[in-house]
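J.: Dropping the structure in here first, questions after.
Read-outs: derived from the displayed coordinates by stated rules, not from any lab. What you see is a predicted model, and the numbers here were worked out from it, not measured in a lab. All Cβ positions, even for glycine, are placed from backbone atoms using ideal geometry, and neighbour counts span all protein chains on display.
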Amino acid sequence: QVQLVESGGGLVQPGGSLRLSCVASGIIFSTYSLEWYRQAPGKQREWVAIVFNSGSTNYAGSVQGRFTVTRDNAKNTMYLQMNSLKPEDTAVYYCNIFGSSRVGWGQGTQVTVSS
């Protein structure tokens, strides 16, 4: 059974940083590309970033230069380092597998950027 569990969210002031984690089980982690998404209140879920099984990455324009996605295959974990946070980054953040192997969405982790 494939499971993805997000953690690391919280309340942070504008300009602050957070690191999110996504721990996967039930898959051969190193063979999959993984993504971060987010959903703000009243808005549709939007794509944030991807880390391919090769280690290559890509980002949404709104987070380019501020967010960094990495992976640790030994720990079956993907990370999202978020710097220079803005109020508009407030959302529930989710991780999932890229492509046809995508599973149901988990609980996500809440990120709130506010002074």
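J.: Normalised by the residues of the chain, what does the relative contact order come to in percent, with Cα pairs under 8 Å and at least six apart?
T.: Relative contact order of the chain: 36 percent.
J.: Ok, one more. How large is the charge dipole for the chain, taken about the Cα centre, if only the Cβ atoms of Lys, Arg (+1) and Asp, Glu (-1) carry charge, to the nearest 20 debye?
T.: 20 debye
J.: While we're looking at this one, here's another question. Please report the base-10 log of the normalised intensity I(q)/I(0) for the range 59-110, using a Debye sum with one equal scatterer per alpha carbon and no solvent, at each q in 0.14 (1/Å).
T.: Once normalised to I(0) and log-transformed, intensities are -0.45.
J.: Compute the normalised compactness of the range 34-95: alpha-carbon radius of gyration over 2.2 N^0.38 Å, N being the residue count.
T.: Normalised by 2.2 N^0.38 Å, the Cα Rg of the range 34-95 equals 1.11.
J.: Do any trypsin sites (Lys or Arg not before Pro) in the range 35-78 lie in a DSSP loop with no more than 16 other beta carbon atoms within 10 Å, and if so, which?
T.: Lys43, Arg45, Arg66
J.: Moving to a separate point now. Which whole-number value in Å³ per residue fits the convex hull of the alpha carbons of the chain?
T.: In the chain, the Cα hull volume divided by residue count equals 93 Å³.
J.: Remind me, relative contact order of the range 1-45 in percent, using alpha carbon pairs under 8 angstrom and six or more residues apart?
T.: Reported relative contact order: 35 percent.
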